[in-house]
1. Would you pick out the residues in segment 231-275 that are in contact with a Pro (Cβ under 7 Å, 6 or more places away or on another chain) and among the β-branched types (Val, Ile, Thr)?
2. Has segment 240-251 got any residue that is surrounded by 18 or more Cβ atoms within 10 Å (Cβ to Cβ), without any contact (Cβ under 8 Å) to a residue 24 or more places away in the chain and touching a strand residue (DSSP E or B) at 6+ places or on another chain (Cβ under 9 Å)?
3. Answer yes or no: is there a residue in segment 181-191 that is in a helix (DSSP H, G or I), of a type outside the set (A, V, I, L, M, F, W, C) and loosely packed, with under 15 Cβ neighbours inside 10 Å.
4. When you check Tyr270 against the structure, is it among the aromatic types (Phe, Trp, Tyr) and surrounded by 16 or more Cβ atoms within 10 Å (Cβ to Cβ), yes or no?
5. Do any helices (runs of 4 or more DSSP H) entirely within segment 241-287 hold 3 or more residues that are in contact with a His (Cβ under 9 Å, 6 or more places away or on another chain) and among the hydrophobic types (A, V, I, L, M, F, W, C), and if so, which?
6. Quick check, is Lys219 surrounded by 18 or more Cβ atoms within 10 Å (Cβ to Cβ) and basic (Lys, Arg)?
7. Open to solvent by 10 Å² or more (accessible area, probe 1.4 Å) and within 18 Å of Leu254 (Cα to Cα): does that describe Phe161?
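The values are calculated or read from the model by the stated rules, or taken from the named source; none is laboratory data. Keep in mind the model is a prediction, meaning the values are calculated, not measured. Glycine also receives a Cβ, built like all others from the backbone with ideal geometry; neighbour counts cover every protein chain displayed. Remember, those area values only see protein heavy atoms, side chains included, never the ligands or the DNA or RNA. Shrake-Rupley method; radii C 1.70, N 1.55, O 1.52, S 1.80 Å.
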Amino acid sequence: MRILLQGLFTGVAFGLSFGLLDILLDKKILKETAYWLVILIRTFFHIVLTLLIILHSILVTHLMFDGGLDTTFIGLLQESMLSKTAIVLLIYTGVVSIIFNLIRQINAMFGPGILYNIISGKYHRPKEESRIFMFLDLKSSTTYAERLGHILYSELIQDCFYDLTDTIHKHNVEVYQYVGDEAVLTWTVEDGLKNANCLRAFFSFEKSIQSRAEYYFNKYDLVPAFKAGVNIGLVMVAEVGVIKKEIAYHSDVLNTAARIQGCCNLYGKYLLISEHLYNHIHNLSQFQFEEIGKVQLKGKKEEVIIFSVDQISSIEHPYEFSE
């Protein structure tokens, strides 16, 4: 019974403490820390927690079965902490923690799900998929770059895309590419249309930026705003490269989404989508749509009908739309 309770306390303590550790060591705390140091910090805390949990389980079971803290407890504590089981457990925790955190950091670099797809060889041969793409671009980027200079401008881009993180997790976003001040986001059709994630993600990101408006204004003397174009359709997906592997998407769907985003300045809109995507959205009541009409996109023979999108009760854009 004693061993059973000790095992139960240890298991519960491991689950709760390791979960709380991940919350406390939030990415924002380790934002400026090198990857190797992040791994060491997490591993250190995992080992310390393991040590404390062992002490806690010994203390609780001793109080339950043997009464107060006496010389017997001190002897039991020394014996337990110097036992082969405790030493092996600490070494095991350290090794597993390093491996787990290394994989976690690599997965973060590739993006959610991408590392698995590369390792599993899912796209070793090109496959056709239906996907949604969003081209998310910093508004007035040329003006900002000239005003801030290349160092501060680069820090602005880092901050903006860092604030995109919560949106990525909340709305099942896959990051296809970061290209300068532009992010190319993608969803499977199921994930993108569910709860209108492909539209809500834009407003979620906008809200994240506005929640830190004071920070941006104090550091950069501006509050960044983004514009986006979204499209849906069939694409070919393939694993490309040997030295630097990545998952690549090939289709006119991406080109169209990029061209639609390019129309934001022309029509003074922040979010534009294709008619094809509009016809797939099921949560129309959550948004305000305005049909822009047929537009001749650069490089395309046929005109495309596009819609502007705004969220009902969304935040006000604090600055006029200008390039």
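1. Step one: filter segment 231-275 for residues in contact with a Pro (Cβ under 7 Å, 6 or more places away or on another chain), giving 236-238.
Scanning segment 231-275 gives a single hit, Val237.
2. Keep residues of segment 240-251 that are surrounded by 18 or more Cβ atoms within 10 Å (Cβ to Cβ), which gives 247, 249, 251.
Filter once more, keeping what is without any contact (Cβ under 8 Å) to a residue 24 or more places away in the chain: 251.
Restricting the remaining residues to those that are touching a strand residue (DSSP E or B) at 6+ places or on another chain (Cβ under 9 Å) gives 251.
Yes, there is a match, as at least one residue in segment 240-251 is surrounded by 18 or more Cβ atoms within 10 Å (Cβ to Cβ), without any contact (Cβ under 8 Å) to a residue 24 or more places away in the chain and touching a strand residue (DSSP E or B) at 6+ places or on another chain (Cβ under 9 Å).
3. We begin by selecting, within segment 181-191, every residue in a helix (DSSP H, G or I); these are 189-191.
Now restrict to residues that are of a type outside the set (A, V, I, L, M, F, W, C): 190-191.
Adding the requirement that they be loosely packed, with under 15 Cβ neighbours inside 10 Å leaves 190.
Within segment 181-191, one or more residues are in a helix (DSSP H, G or I), of a type outside the set (A, V, I, L, M, F, W, C) and loosely packed, with under 15 Cβ neighbours inside 10 Å.
4. Details: among the aromatic types (Phe, Trp, Tyr): yes; surrounded by 16 or more Cβ atoms within 10 Å (Cβ to Cβ): yes.
Yes: the conditions hold for Tyr270.
5. Details: elements: 252-262, 264-267, 275-278.
Those helices (runs of 4 or more DSSP H) do not exist here; none qualify.
6. On the way: surrounded by 18 or more Cβ atoms within 10 Å (Cβ to Cβ): no; basic (Lys, Arg): yes.
No: the conditions fail for Lys219.
7. On the way: open to solvent by 10 Å² or more (accessible area, probe 1.4 Å): yes; within 18 Å of Leu254 (Cα to Cα): no.
For Phe161, the condition - open to solvent by 10 Å² or more (accessible area, probe 1.4 Å) and within 18 Å of Leu254 (Cα to Cα) - is not met.
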